[in-house]
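Comments concern the structure below.
Read the figures in this text as sums done on the coordinates, not as results from a lab. Fair warning: this is a prediction, and the values are worked out from it, not measured in the lab. Positions of Cβ are generated from backbone atoms using ideal geometry, with glycine treated the same way; all protein chains shown enter the neighbour counts.
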Amino acid sequence: MNVRQLMSKDPVTVQPESTLQEAAEKMHKKNIGAVLVIENGMLKGILTDRDIALTAAAQGLDPKNTPVSQCMVPDPISIDANADIDSALRIMNRASVRRLPVLENGKVIGVISSSDLAEAIKDQFEQFVGLEEAYARD
């Protein structure tokens, strides 16, 4: 199974000059924890709800006037759409991240999250257990 099969398509994006409030409103509306920061079609960063809470709030920044670029993680780790899920798991584990932008030919086409991967692994595990139980009955 590859990343393309599990990723969320049509990721929510903002521009670097968008405000933290605009980004937070998008996250709230879509019930997501991160937005990708895109400029001229290229991935420039990722901004999470945690970045807003811990960076902006801790520094007393005004979310109505603070640009996303001030709190985002620049040049985030990403993964190719054709990579396998084991690679995604290893990258996320090593980098201690829960989301990876998914690229194809340098362009963002989706996001894969740790919950996407957990669901896939759970399904595979349940299939395995089902086969083992069927084998044990025979």
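Can you give the FRET efficiency to the nearest 0.05 for ILE91 and LEU54, using r as the Cβ-Cβ distance and R₀ = 22 Å?
Working: r = 23 Å, r/R0 = 1.03.
E(calc), rounded to 0.05, equals 0.45.
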**OP:** Divide the volume of the convex hull of the Cα atoms of segment 1-77 by its number of residues and quote the answer in cubic angstrom per residue.
**Re:** 95 Å³
**OP:** Enumerate the calculated ³J(HN,Hα) couplings along segment 48-60 in order (Karplus 6.51 cos²θ - 1.76 cosθ + 1.60, θ = phi - 60°), each rounded to whole Hz, writing x wherever the residue is Gly or Pro.
**Re:** 10, 4, 5, 4, 5, 5, 8, 7, 5, 5, 5, 8, x
Original post:
When the label point is put 7 Å from the Cα of ILE121 along its Cα-to-beta-carbon vector, which residues of segment 73-102 have a backbone N closer than 17 Å?
Top reply: 84-100
Subject >> Value at 222 nm in deg cm²/dmol, rounded to 500, when DSSP H runs of n ≥ 4 in the chain each add -39,500 (n - 2.57) >> reply: -11500 deg cm²/dmol
**OP:** Go ahead and set up a Gaussian network model of the chain, Cα springs under 10 Å, then flag whichever of ASP49, ASP116, ASP75 fluctuates most.
**Re:** ASP75
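Tell me, what is the percent relative contact order of the chain, built from C-alpha pairs under 8 Å that lie six or more residues apart? Please report the intermediate quantities before stating the final value.
Values: 202 pairs, mean separation 39.1, N = 138.
Relative contact order of the chain: 28 percent.
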Subject >> Rounded to 10°, Cα long-axis angle of helix 85-95 versus longest principal axis of the chain >> reply: 40 degrees
**OP:** Hey, can you grab everything whose amide H is under 5 Å from the amide H of GLY45? Only 5+ residues off in sequence or another chain; H modelled, so Pro and N-termini drop out.
**Re:** VAL37, ASP75
Original post:
What is the Cα convex hull volume of the chain when expressed per residue in Å³?
Top reply: 117 Å³
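Where Lys and Arg each count +1 and Asp and Glu each count -1, what net charge lies around ALA58 among other residues with Cβ under 13 Å from its Cβ?
Working: positive: ARG50; negative: ASP51.
Local net charge: 0.
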